[in-house]
């Protein structure tokens with residue numbers, strides 16, 4: 001905004017007409033602004049931008065459409081086109097948006113790497129791994145966030161949704177917390193925006209958990225989690241074409257709870273299933 005500059009220079013005895021001519025606008029435009037420096041529309045836009053920034057910081061995956069939805073849920077009446085304009089001005093883009101000339105980069109870590117590819121633990125609830133996978137259905141993609149205990153290889157928490165937002169990761173974490181009541185557990189992830197979101201970090205902190213993050217582009221930093229997703233891919237996801245998200249959701253839950261946890265014996269666990277291993281090694285589980 002150049003109008004305040006005109007006012008400041010006028011206070012230093014520089015004629016308004018000269019400054020406006022140099023800056024390339026009319027005296028009438030300046031005087032109109034000077035009578036009402038901040039319009040009601042500008043004031044409303046400022047509040048909307050602040051609300052949009054809060055929503056986007058909480059979940060960087062949100063683009064302007066999702067931000068508009070969240071504003072409506074907060075009883076803020078605003079058109080989607082206006083939200084698009086304000087988000088463009090504030091450069092509030094979804095991390096998944098493909099913008100010409102801009103390369104998407106992984107965000108900075110919010111935690112140190114406390115695991116360093118050591119995928120073992122002396123007891124349950126010492127180290128958890130988490131990641132997100134996706135699979136298409138006839139209705140669109142279904143996203144799964146799972147949390148795995150390094151000691152027993154049990155999936156202690158998981159969540160599924162049609163959108164890959166921070167709420168997906170937070171929901172899986174809350175499920176794990178409700179099941180295990182951990183204290184001081186390390187939760188290791190990649191640098192995905194869902195795990196860097198304010199909501200996920202806040203949930204870690206509020207329950208006494210410790211975050212950990214691997215490096216950019218280093219799949220080995222979470223290899224133990226990838227091995228679970230590979231099993232899931234072969235045993236469920238690629239077995240057929242899935243018509244609906246609910247159909248695939250039920251299939252995933254059934255395989256995790258009935259097959260992976262209770263039937264699939266693992267050499268790393270002495271040919272026990274995760275449930276058997278926890279029952280034998282953890283008195284509380286027994």
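Go over the candidates 159, 212, 189 one by one and state the one that is touching a helix residue (DSSP H, G or I) at 6+ places or on another chain (Cβ under 8 Å) and in contact (Cβ under 8 Å) with a residue 60 or more places away in the chain. Sole residue among the options that is touching a helix residue (DSSP H, G or I) at 6+ places or on another chain (Cβ under 8 Å) and in contact (Cβ under 8 Å) with a residue 60 or more places away in the chain: 189. Among the residues of the range 234-252, those identified as surrounded by fewer than 14 Cβ atoms within 10 Å (Cβ to Cβ) and assigned to a helix (DSSP H, G or I) are 234, 246, 250. Among residues of the range 3-20 that are free of Cβ contacts under 8 Å to residues at least 12 places away in the same chain, those with a beta-carbon under 7 Å from a residue that is surrounded by 12 or more Cβ atoms within 10 Å (Cβ to Cβ) at least six positions away or on a different chain give the pairs 9/19; 10/16; 17/27. Return a yes/no flag: does the range 26-43 have any residue that is modelled with pLDDT under 80, part of a loop (DSSP other than H, G, I, E, B) and under 30 Å from residue 191 (Cβ atoms). Within the range 26-43 (the criterion being modelled with pLDDT under 80, part of a loop (DSSP other than H, G, I, E, B) and under 30 Å from residue 191 (Cβ atoms)), the answer is no, since none of the residues qualifies. Taken over the range 116-132, the criterion of being buried (at least 18 other Cβ atoms within 10 Å of the Cβ) and touching a strand residue (DSSP E or B) at 6+ places or on another chain (Cβ under 6 Å) is satisfied by 124, 127, 128, 129, 130, 132. Out of curiosity, is residue 215 over 29 Å from residue 282 (Cα atoms) and either at pLDDT below 90 or in the same structural domain as residue 276 (by TED's automatic domain parsing) (or both)? Yes: the conditions hold for residue 215. Please find, within the range 218-248, the residue that is modelled with the lowest pLDDT out of those that are more than 27 Å from residue 279 (Cα to Cα) and under 22 Å from the mean Cα position of the chain (by Cα). Restricting to residues being more than 27 Å from residue 279 (Cα to Cα) and under 22 Å from the mean Cα position of the chain (by Cα), the top hit is 218.
Screening 172, 121, 199, 176 for residues that are farther than 28 Å from residue 54 by Cα and either outside the structural domain of residue 259 (by TED's automatic domain parsing) or not in a strand (DSSP E or B) (or both) leaves exactly one candidate, 121. Residues in the range 253-273 that are in a helix (DSSP H, G or I), surrounded by 15 or more Cβ atoms within 10 Å (Cβ to Cβ) and free of Cβ contacts under 8 Å to residues at least 24 places away in the same chain: 255 alone. Within the range 86-115, the set of residues being modelled with pLDDT of 80 or more, surrounded by 12 or more Cβ atoms within 10 Å (Cβ to Cβ) and more than 18 Å from the chain's Cα centre (by Cα) comprises 86, 87, 113, 114, 115. Within the range 53-85, which residues are at pLDDT below 80 and assigned to a loop (DSSP other than H, G, I, E, B)? Across the range 53-85, the qualifying residues are 59, 60, 61, 62, 63.
The values are calculated or read from the model by the stated rules, or taken from the named source; none is laboratory data. Everything numeric here is computed off the predicted structure, so don't read it as measured data. With ideal geometry, Cβ positions are generated from the backbone for all residues, glycine too; neighbour counts draw on all protein chains shown.
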